[in-house]
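Structure, as structure tokens:
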Amino acid sequence: MEPVEGVVPMIEVQTETMIHAPMERCFDAARNIDLHTRTVWKHTRERAVAGVTTGLIGAGESVTFEATHFGIRQRLTSRIVEFDRPFLFVDQMEKGAFKSMRHVHSFEQRDNQATCMRDTLIFEAPLGVLGMIAERLVLRKYMHAFLKSRNARLKNVLESEWYITSND
């Protein structure tokens, strides 16, 4: 994408996690609402309150999460706008605190049953210049840490003996 003169691009945060589990299992775990709420930061008290609130979310479906970030209880509604199991799914914010947010989840099978799970989060804060300052000073680092923590916990679940035996 070519930069447009005078326009500051949205923030993009990327993470990559190697998981020793089959790609299909990683894909389904990443879209499992129950696992999502168990693997995010505990202090956010995140829970699904509307749309798909339990189990696997799929193409065209939406979920509304309620969570506390920066001391503020807020809701974010996202819809799955692209879905190609087990390679890719994309959720896009329909309503929430951001001006826009798009989260691309992609999966690639590697040797020895390892899966490379990539998250690309593209977002823009509201409030014009103030939002741009917040994006660069706080939100980029916060969202990167949020994804890294969530993905590390998801990796631990997927590589645990309990999860392997209960999903075979």
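The values are calculated or read from the model by the stated rules, or taken from the named source; none is laboratory data. Here the structure is a predicted model, which means the values were calculated and not measured. Please note: Cβ atoms are built from the backbone with ideal geometry, for glycine as well, and neighbour counts cover all protein chains shown. All accessible areas refer to the heavy atoms of the entire protein, side chains included, with ligands and DNA or RNA removed. Shrake-Rupley method; radii C 1.70, N 1.55, O 1.52, S 1.80 Å.
For the reader, a short list of remarks on this structure follows.
- Output for segment 11-50, where each listed residue is among the aromatic types (Phe, Trp, Tyr) and buried (at least 18 other Cβ atoms within 10 Å of the Cβ): 27
- Extreme residue, least open to solvent (accessible area, probe 1.4 Å), among residues of segment 54-100 that are aromatic (Phe, Trp, Tyr) and on the phi < 0 side of the Ramachandran plot: 89
- Test: residue in segment 106-114 that is aliphatic (A, V, I, L, M), within 20 Å of residue 148 (Cα to Cα) and open to solvent by 30 Å² or more (accessible area, probe 1.4 Å): no
- Residues being touching a Ser or Thr at 6+ places or on another chain (Cβ under 8 Å) and either among the basic types (Lys, Arg) or in a helix (DSSP H, G or I) (or both) are entirely absent from segment 135-142.
- Filter result for residue 64 (of a type in the set (S, T, N, Q), out of contact with any helix residue (DSSP H, G or I) (no Cβ under 7 Å at 6 or more places or on another chain), at pLDDT 95 or above and under 24 Å from residue 128 (Cα atoms)): no
- In the condition set (1) in contact (Cβ under 8 Å) with a residue 12 or more places away in the chain; (2) under 24 Å from residue 21 (Cα atoms), residue 84 is compliant with all but (1).
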